[in-house]
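K.L.:
Take a look at the following structure, please.
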Amino acid sequence: MRFSAYVPTLVVWLLLAGCGGKQDGVVVHKEVRVVDAALRERLQDFALGADGAGTLRFAADAPGVAALEPGRVLVSEPAGDTAPHGFLQRIRSKRTEGGSIVFETEQVTLEEVFEQADIVHEVQLKPEQLVASEIHYPGIQLQPMGNVGQSSSASRSFDFNVSFDKVLIDVDGDEETVDDQLRIDGSFKLSAGVEMKIKIGTEYLVVPTVEHLRFLAKLEEAVELNLTGTLQDTFEKEIEVANFTFGAITVFVGPVPVVFSVSMSLSVGATGEISASLKASASQSVSLQVGAEYKQDGGWKNLSGFDSTFDVPKPELSLSGKARAFARPELAIAVYGIGGPTAAATAFAELDVELFRDPFWEMTGGMDLAVGLKAEIPVIGKKFDWSEDFELFRRSIGVAPNEAPKLELLSPEDGLRITEGTRLDVAVRASDREQEQLTVTVKSGGQVLATAQSVRGEDVVLQTGTPCPGTHTYEVAVTDAKGATTTERFSVVVENHVPEVRILEGSLEDWPVNPGGYLLAFATASDRSCSVSGNSAAPQFIQWHVNGQLVGHSDELAYALPPNLQVGSTLTLQAFYDDGHGPVSTDPIQLTVTAYSGNTSPRAIIHSPVDQHDYWISSNYSLAGRAIDPGEGILGTGAMTWTFRSHSTGQVVVVPGDTASFMLGQILAGQGSIGGVDVSLSVENSAGTSHTSTITVFGRVVG
């Protein structure tokens, strides 16, 4: 975005001329008549039109008024409120109305007053010359300073101080709500002096003409400008906030009074587009001379020179787009009440901002000049029709230093308590004004646990593993491409997880508990470990107790019951799990001893493959099952037989029970797409009693 602070500059062009019969090189045309004090006192009215034509009304008995005839040029210094700027007029006609003599007049030029004049004059505007000020808005002040020194430079002093504070734009029209406003405030202190030269003669032409014309303004100024706002809008606004009028100044050139006055208007404004918020400031101190020079034999040229210093505080902003703020004084010079030359020198500071650029803001300062003379103003001759606008200089005055990126720790919160085996994820949001790519790392104890790349403030989740029990301190760091780093720290308390064990009671349904037979049981345990992710337990940590006596370890129990058990008695079966770090988990059940009723039936249990699952015909899969018998316990693989039957062809393949893996494409060879397959596990005990379990799987072709 671009923000230009137009630093106000006062440029004064004073028109002075030498004259007087023939005195000190000044020759006045013979038809010129200087209105003396006695005649000015009897002036009743003076009306001046925009084209320079006027009407003069004197009392009929005014001294010498009767001798004034058409063709005579009248020149006067200020005459009270009737002619506060004096006048320079030629009489066109004369008439008598009642007790008055009325002259119809027209504006004349200095060339029509002087045949010869060569003068250099210098003047300084002072606070005491200010006669009126009109403030259009609250918050605008013009304070004469009486040449108070500027603290930043002992060599600089100022005569005037203009301060302003104005809401330029308010979307909802309510100045109490500030989230839709753009405000400009600041001040400028200044002093202005002018040096000039006017030479009128006949060196180049027979008739008198302006041969040499020089205007040079010398300025001292210090400016402070602040622009603040919160908008989501495009804007363009300029307002005139005040007008200032300085009293008429009379300079005698020979016997001829040359009268000029200065008025100044102050405007502030802003243009551009802000997408969020802005607070930016710029200050500048300038020593400047600006003006123009005309010579009959060489035409126009600019006269300028400067010495400036800048101070740019770091802006506060979150925006994109362009914004330009300015405070601009416009100066008008009037000679005998007629508008004259104009000039302006506008110092500027432009703030160029673009997020995710390096550097993301840069301040540029400089000076724009505009000098010229309006052709329609006849005071010094219509032949002067010249103006020029140009940029005097521009230079970089401030660049954003590389800022450390911002880091927001989204989770976990500091002091979080988790159980052992829980994976710790760290979620962060990193952003940077200059650069898009950022590196985020998580450390603990000086060791890097995780690293990731973040782009434009995206949320990043880093997985750091499962910490062991205890208190851990973590450091999260975000680093930009230039090495600037921002860190956050947090701690996590890891508590030991209480394990849990469960007997699979379904495996005991319809299962006889006979004296001298086998008690068969299965259990699962859940535990968490800092070295094993997820929900896990070590089967060897499961302990089995029957009536309080340890009878086995592992997740399976095949316990030979004593032959002397009392039929109808109750057994207490308990599964225990102890991870060695905390409370022990136990799951007890009650079993009733029943009488042996003859040969028992075994049971086939299929662990792999899994019922109703798909299997690629070209891949190997584990083949696992269990054969159990209440009278004989857990049977060996020799008691097991696997059978595969294709649904599509009816083909049946039998494999031995000790087969460790299967590939459907090999078992059912020659089939392209096997489809459904029944997988059966048959078991047989020593007495020849058998049992079969069957599941269905689906063979698929890869691709």
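K.L.:
Tell me the net charge near residue 544. Cut-off is 12 Å between Cβ atoms, residue 544 excluded, with +1 for each Lys or Arg and -1 for each Asp or Glu.
P.N.:
Working: positive: none; negative: 555, 556, 587.
Around residue 544, the surrounding residues sum to -3.
K.L.:
By average Cβ neighbour count within 10 Å, what is the ranking of 430-437, 608-615 from highest down?
P.N.:
Details: 430-437: 20.2, 608-615: 13.8.
Result, highest mean first: 430-437, 608-615.
K.L.:
Calculate the FRET efficiency for residue 669 and residue 624 from the Cβ-Cβ distance with a Förster distance of 25 Å, rounded to the nearest 0.05. Intermediate values should be presented prior to the final figure.
P.N.:
Details: r = 23 Å, r/R0 = 0.92.
It comes to 0.65.
K.L.:
Along the Cα-to-Cβ line of residue 481, 7 Å from the Cα, sits a label point; which residues in segment 437-466 have backbone N less than 16 Å from it?
P.N.:
Output list for this probe position: 437-440, 453-457.
K.L.:
Once both labels are modelled 7 Å past Cα along the beta-carbon direction, what's the residue 524-residue 207 spacing in nm?
P.N.:
With each label point 7 Å from Cα toward Cβ, the separation is 11.6 nm.
K.L.:
Suppose a student asked you for the relative contact order of segment 198-252, using Cα pairs under 8 Å spaced at least 6 residues apart; what percent would you report?
P.N.:
Details: 23 pairs, mean separation 10.3, N = 55.
Normalised by residue count, the contact order of segment 198-252 is 19 percent.
K.L.:
Between segment 638-664 and segment 415-490, how far is it from one alpha carbon centroid to the other, in angstrom?
P.N.:
52 Å
K.L.:
What is the sum of charges, Lys and Arg at +1 and Asp and Glu at -1, for the other residues whose Cβ falls under 12 Å from the Cβ of residue 555? Each step should come with its number before you reach the end.
P.N.:
Working: positive: 502, 626; negative: 556.
So the environment of residue 555 carries a net charge of +1.
K.L.:
To continue, here is another question. Work out, step by step, the length gained on full extension between residue 297 and residue 171: first 0.36 nm times the residue separation, then minus their alpha carbon distance; give nm to one decimal. Working shown, then result.
P.N.:
Working: separation 126, 0.36 × 126 = 45.36 nm, distance 5.67 nm.
In short, 39.7 nm is gained.
K.L.:
Quick check: pseudo-label points 7 Å beyond the Cα along Cα→Cβ at residue 660 and residue 423, how many nm apart are they?
P.N.:
3.0 nm
K.L.:
Something else now. Take residue 686, project a point 7 Å from its Cα along the Cβ direction, then tell me which residues of segment 620-639 have their backbone nitrogen under 16 Å from it.
P.N.:
628-639
K.L.:
Now for a different question. Can you work out the FRET efficiency for the pair residue 700 and residue 411, with r the C-beta to C-beta distance and R0 = 41 Å, to the nearest 0.05?
P.N.:
Working: r = 41 Å, r/R0 = 1.01.
The computed FRET efficiency comes out at 0.50.
K.L.:
Once you compute Rg and the Kirkwood Rh from C-alpha atoms, what is the Rg to Rh ratio for segment 560-703? Intermediate values should be presented prior to the final figure.
P.N.:
Working: Rg = 20.2 Å, Rh = 18.0 Å.
Ratio of gyration radius to Kirkwood radius: 1.12.
K.L.:
How far is it, in nm, from the label point at residue 500 to the one at residue 41 when both lie 7 Å from their Cα along the line to the Cβ?
P.N.:
In this crude label model, residue 500 to residue 41 measures out at 11.7 nm.
K.L.:
Follow-up question, since we're still on this one. As a quick test, which of the pairs 406/443; 30/94; 197/301; 30/295 have an alpha carbon distance above 24 angstrom in this structure?
P.N.:
Working: 406/443 18 Å; 30/94 20 Å; 197/301 14 Å; 30/295 27 Å.
Check vs 24 Å cut-off fails for 30/295.
K.L.:
What is the sum of charges around residue 577, taking Lys and Arg as +1, Asp and Glu as -1, for the other residues whose C-beta is under 13 Å from the C-beta of residue 577? Provide the component values of the computation, followed by the final result.
P.N.:
Working: positive: 502, 528; negative: 500, 527, 555, 578, 579, 587.
Every neighbour counted, the sum reads -4.
Any read-out appearing in this document is the output of simple, stated calculations on the displayed coordinates, not a laboratory observation. Everything numeric in this text was worked out from a predicted model, so none of it was measured. Neighbour counts run over all protein chains shown; Cβ positions are idealised from the backbone, glycine included.
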